[in-house]
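Below: one structure, written as structure tokens.
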Amino acid sequence: MAATTLLNLLADGEFCSGQSLADALGVSRTAVWKQVNKIAADLGLDIETVRGRGYRIVGGIDLLNKAAVRAQLAAPARSLMSELVIHEAVDSTNSDALRRARLGAVPGLVCTAEQQTAGRGRRGREWVSPFASNIYLSVLWQYEQGAAALEGLSLAVGVAVARALEALSVPDVRLKWPNDVLHNGAKLGGILLEMEGDAAGPCKVVVGIGLNVAMSRKLALGIDQAWTDIASIVGDAAPARSHVLAALLNELLPLLSAFEARGFAGYRSHWQGLDAYGGQTVVLDTGSRQMAGIARGVDERGALLLETSSGVQTIYGGEISLRPGT
Ligand code: BTN
């Protein structure tokens with residue numbers, strides 16, 4: 001709690017004296033000094049200390065703000081969101097949403113965090129999740145007709161993310177099958193769906209979205225692929241993270257609510273319009289084998305259509321990359 005208050009006091013990047021922080025927190029100046037050093041080390045923040053002026057977070061930080069998120073929700077999203085949780089740090093917002101689902105949380109639960117300590121990507125990869133830099137969002141939903149009714153949901157979620165970015169005036173966003181969000185070939189975001197329950201009956205799904213907003217190069221050193229963030233694309237016009245979160249929820253919650261009735265077929269043409277690799281020669285890696293071909297978009301179930309020398313193959317899982325030299 002003290003850390004949250006301290007972070008809020010220092011968030012604007014202006015100097016705050018040790019005494020004013022001590023007064024606000026009701027602790028000694030020595031305790032402030034210890035607390036500042038701890039948050040700097042724990043959260044990877046660049047905190048400057050100047051004698052006579054106090055402490056400041058260099059460049060300031062953009063913290064999530066519940067009231068600001070709620071204020072920017074349109075009526076449909078507001079009525080579909082059952083609860084909004086913002087963690088200062090959590091292992092993974094997906095894990096948190098799954099845990100809460102087991103304890104009886106209802107559809108529309110939204111879990112977010114300033115930082116994930118064990119963020120998870122697809123195919124067992126780590127999702128690098130530094131403090132107050134990006135969006136880490138998980139939404140719980142429930143479907144009555146089992147896993148089969150959810151075919152293509154993760155691709156439809158990609159459409160929702162692209163629409164949200166369009167609403168935020170982030171240009172030229174594309175989707176890479178199955179669900180990477182790209183800008184100029186670099187990864188801007190990713191989607192990870194996790195399910196629980198009956199494959200044939202009611203099942204709960206957690207939709208996880210990671211979206212890079214403003215990430216320092218230093219904190220992103222662990223990322224092993226080309227990446228970008230909203231700040232690099234739009235510069236000074238970058239929206240606050242609370243605004244980005246609200247824009248995502250405005251698209252995502254209505255989509256989750258409509259998906260069971262509409263199915264992926266209702267989003268397919270929009271997905272095709274955003275397809276980063278359509279018509280290009282790609283290599284598909286399924287883990288056990290590699291296949292080259294021309295990407296021909298997706299079918300109404302969300303499967304990739306890959307044109308190979310032996311005809312058009314329908315692919316349900318794997319990873320595609322552009323074939324080198326094409
Ligand atoms: C990918 O590998 O492209 C998917 C990345 C998904 C990351 C998000 S961040 C919020 C949610 N919590 C997680 O641990 N993962 C997802």
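Per residue, how much accessible area does the chain have with a 1.4 Å probe, in Å²?
On the way: 14630 Å² over 326 residues.
I get 45 Å² per residue for this part.
Using a 1.4 angstrom probe and counting only protein chains, how large is the accessible area of residue 291 in Å², to 10?
About 30 Å², ignoring ligands and nucleic acids.
Kindly identify the stretch 277-324 as rounded, prolate or oblate by the Cα gyration tensor criterion: order the square roots of the eigenvalues as a ≥ b ≥ c, call it rounded if a/c is under 1.5, otherwise compare a/b with b/c, prolate if a/b is larger, else oblate.
Rounded, since a/c falls under 1.5.
Would you mind checking which residues have amide H under 5 Å from residue 227's amide H? H placed 1.01 Å from N; only 5 or more apart, or other chain.
187
Would you mind checking which residues have amide H under 5 Å from residue 177's amide H? H placed 1.01 Å from N; only 5 or more apart, or other chain.
Answer set, sorted by chain and number: 276, 277.
Roughly how many nanometres apart are two label points built 7 Å out from the Cα toward the Cβ at residue 4 and residue 23?
2.4
Anything over 28 Å Cα to Cα? Flag those among 38/204; 66/176; 38/218; 38/176, in the order listed. Before the final figure, lay out each step's value.
Details: 38/204 38 Å; 66/176 31 Å; 38/218 19 Å; 38/176 40 Å.
Violating the 28 Å Cα-Cα cut-off are 38/204; 66/176; 38/176.
Using just the helices of the chain, give the 222 nm mean residue ellipticity in deg cm²/dmol: DSSP H runs with n ≥ 4 each add -39,500 (n - 2.57), and the total is spread over all residues, rounded to 500.
Working: 10 runs with 103 residues, N = 326.
Here the helix-only value at 222 nm equals -9500 deg cm²/dmol.
Relative contact order for the chain: what percent, with Cα pairs under 8 Å and sequence separation of 6 or more?
Reported relative contact order: 15 percent.
So how do 163, 289, 296 rank on accessible area, 1.4 Å probe, biggest first, that is with the largest at the start?
Accessible-area ranking of 163, 289, 296, largest first: 289, 296, 163.
From the backbone phi of the stretch 75-90, what are the Karplus-calculated ³J(HN,Hα) couplings (6.51 cos²θ - 1.76 cosθ + 1.60, θ = phi - 60°) in whole Hz, Gly and Pro given as x?
Those phi angles translate into 3, x, 5, 4, 7, 8, 7, 8, 7, 10, 10, 10, 8, 6, 8, 8 Hz.
What list of ³J(HN,Hα) values in whole Hz, one per residue of the stretch 286-299 in order, does the Karplus curve 6.51 cos²θ - 1.76 cosθ + 1.60 (θ = phi - 60°) give from phi, with Gly and Pro shown as x?
Coupling constants for the stretch 286-299: 9, x, 9, 8, 10, 9, 9, x, 9, 6, 10, x, 10, 8 Hz.
How long are the semi-axes of the equivalent ellipsoid of the stretch 3-57, taking √(5λ) for every eigenvalue λ of the Cα gyration tensor, in whole Å from largest down?
Square roots of five times the eigenvalues give 14, 13, 11 Å.
From the phi of every residue in the stretch 198-209, what ³J(HN,Hα) in whole Hz does the Karplus formula 6.51 cos²θ - 1.76 cosθ + 1.60 yield, where θ is phi - 60° and glycine or proline is x?
Going residue by residue, I get 8, 5, 9, x, x, 9, 9, 10, 10, 9, x, 10 Hz, with x marking Gly and Pro.
Report, to one decimal in Å, the Kirkwood hydrodynamic radius for the chain based on all distinct Cα pairs.
About 21.0 Å, per the Kirkwood formula over Cα pairs.
The values are calculated or read from the model by the stated rules, or taken from the named source; none is laboratory data. Just so it is clear, the structure is predicted and the values come from calculations on it, not from any experiment. So basically every Cβ, Gly included, is an ideal-geometry build from the backbone, and we count neighbours across all protein chains shown. Ligands, DNA and RNA are stripped out before the accessible areas are found, and what is left, the full protein with its side chains, is counted by its heavy atoms. Shrake-Rupley method; radii C 1.70, N 1.55, O 1.52, S 1.80 Å.
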